[in-house]
Ligand code: SF4
Ligand code: SF4
């Protein structure tokens, strides 16, 4: 475990309010840290130590988060009541203590009082190309997985639990008796909306998420983490990560949540140089980190290093209507037309006439674009702007 | 804290399949090579001169126009080179140099740049250029007269011209096989049927053109020509004759599938292609022109935006499961 951990809180730092954690505070292992008294999101301290810094963190589209630096004291002192959650295996208690387990179990979603979830898909398939984290875990620890699934069924009362696994998996037979969904390695088929459409008979509706349709996806690592947390009666913090070097070499490591990724790279002997790209998540859907101090997160399955010379450029060409995007889009979006409207910032038209809301964020259109337009970036920006616009209209309507 | 590198930060996806506009255009040029090489072989160095002049003047026009209109000069993407090459391929080898240069001016500037440049042209630029030339200086497109000074060891007639003048009996002068092998008089890049087919198959297999358009175009030609022939074998030539003469194969693989001026959805692609074939034969058989291909292409370019509105419903549209 590194001497210094960086913990990300998904909440913006507000200079007008007083924070409840402060610089110099002592945190104990398993203690939940809240930014403000009324905060609902928390991080769990993986070990005991002192908070040495609280600062804003900027993500995509300027979304703000906050990071805490935790200097460990080496005592690993547990917080009081660290194992309370294990006494009664109920959803609210789990949500109160285990939200930041490795694999990021969607406990908040499941525990929400108005939750519409009636089916859970446990995904043993990775969420993007290159990553092998989940497949690796699916092939290990069968008993723990079964145990975890039972617990989830009991806690949530949801009996429709599916297990999505690679069709070619060696221990396929071990999953007998479970509701399995066998998937090929084809990227499109592993997208949540496609799993719903192809295997569960649920037609996705444009503009609605899987959760809206009652399906909750959960990584296999989240299931394993839950099992371990209940066995050990304490939250666990080791995240399994697939690290892919510039040469394509794949290594799998286990790191404590909050570890800055430069530690992992140093340990693996991987070097980076100026203008390289550090990709977190996969090559099609992930994001790029701007610092090596970016910490390991509960849902961070993959780190990919890309040499500056291997970075494909984008261009300022207009769409030449080659149609490759339309051919590959699994959601049937007329990307060739959509991109024209997005480039002109016409987001409402993009939704109304060109199916921006049907897009399932696979990134393939950008991957194949002959004109090398950063389409996916436009799409994400367009969706983001559209959400902001809708939110604005709602507040206006409320105030009127 | 140790030294911090600056990293490249950008959005997903972080990979690309490697394609680019330049790559696509290079491949189109490679695909056209067999037909051009054969044309040079058949019509001599004059043909080579026309092609080279067409390519270089097209690139110069594009650069000049981009310079004047203060756009960035994008000569390296071979966009103008392809337009120039196709314009040159549709000309006879004996055409005077200034016709070539005027042709590429029309193709590049009127055919594409005035609409906003690459990707914005509603019509195939090379077809615009040749259409203007053939209307303005039609005599140069009388391939028989243009190529009179040549001696060929096969029937030295432009097949469509012969059909127009002498009626269906003329088709017996040309066997399908000899047409395929380029034993006909015509434009530099349009006589070698087999070469165009090879080039076209290459583009289809590599995914640089949309095969649906080419296949539908061929189907349109064959069906319409066959219907005409069945109705009156005395008056109309058969499908194979039409397929391997004039600009037909050039249109099938190089002109109709030009990306900006053609549709991308399945049903529209089929309609567009079939319409192209049907119009080609209609103009040839009952219209005033010996080769209707140019006008057929312009007509389908014109309807492209309308028919490409026919598209499948996007995922999760039009279903009610809320
Ligand atoms: S990211 Fe592109 S290809 Fe993927 S669903 Fe959205 S529009 Fe279609
Ligand atoms: S892949 Fe790119 S250039 Fe081709 S049609 Fe789509 S947006 Fe246009």
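Throughout, read-outs are computed from the coordinates displayed, never taken from laboratory work. These figures come from a predicted structure and were not determined experimentally. We place every Cβ from the backbone using ideal geometry, glycine too, and count neighbours over all the protein chains shown.
Miscellaneous remarks
- Burial ordering of A:301, A:95, fewest other beta-carbon atoms within 10 Å first: A:95, A:301
- Remark: spin-label model distance residue A:309-residue A:346 equals 4.4 nm, labels positioned 7 Å along the Cα→Cβ axis.
- For the stretch B:268-322: span of alpha carbons on each principal axis (Å, largest first): 59, 15, 11
- Global form of chain A, assessed from the alpha-carbon gyration tensor, a/c cut-off 1.5: rounded
- Anisotropy class of chain B from Cα gyration tensor, a/c 1.5 cut: oblate
- Each label point was placed 7 Å from the Cα along the Cα-to-Cβ direction; for residue A:167 and residue B:33 their separation is 3.9 nm.
- Top of A:237, A:175, A:217 by mean-square fluctuation, Gaussian network on chain A, Cα under 10 Å: A:175
- Translational diffusion of the stretch A:324-399, µm² s⁻¹ [Kirkwood Rh, Cα pairs; Stokes-Einstein; 20 °C; 1.002 mPa s]: 169 µm²/s
- Against chain B, whose longest principal axis is taken from its Cα atoms, helix B:21-43 shows a tilt of about 20°.
- Fully extending the segment from residue A:400 to residue A:254, taken as 0.36 nm per residue of separation minus the present Cα-Cα distance, adds 47.3 nm.
- The stretch B:289-305 residues near the modelled residue B:227 label - backbone nitrogen below 18 Å, point 7 Å along Cα→Cβ: B:292-293, B:296-297, B:300
- A helix-only calculation puts chain A at -8500 deg cm²/dmol for mean residue ellipticity at 222 nm, using -39500 (n - 2.57) for each DSSP H run of at least four residues, averaged over all residues.
- Highest-fluctuation residue, A:353, A:366, A:83 considered, GNM on chain A with Cα pairs under 10 Å: A:353
- Applying the Kirkwood pairwise sum to the alpha-carbon positions of the protein assembly as shown produces a hydrodynamic radius of 29.4 angstrom.
- Highest-fluctuation residue, A:326, A:121, A:236 considered, GNM on chain A with Cα pairs under 10 Å: A:326
- Measuring nothing but how far apart in sequence close Cα pairs (under 8 Å, 6+ apart) lie, relative to its length, the stretch A:4-72 scores a relative contact order of 41 percent.
- FRET E, pair residue A:23, residue A:273, Förster distance 45 Å, beta-carbon r, rounded to 0.05: 0.85
- For chain A, the relative contact order comes to 14 percent (Cα pairs under 8 Å, sequence separation of at least 6).
- If you wrap the tightest convex hull around every Cα atom of the stretch A:87-232 and split its volume per residue, you get 112 Å³.
- As a rough footprinting exposure proxy, the listed residues B:185, B:37 were ranked by other beta carbons within 10 Å of their own, and the order from fewest upward is B:37, B:185.
- Between 0 and 90°, nearest 10: helix A:220-232 axis offset from chain A longest Cα axis: 10 degrees
- In chain A, the longest principal axis of the Cα atoms and the axis of helix A:375-399 are about 70 degrees apart.
- Rel. contact order, % - alpha carbon contacts under 8 angstrom, at least six apart, the stretch A:324-399: 32 percent
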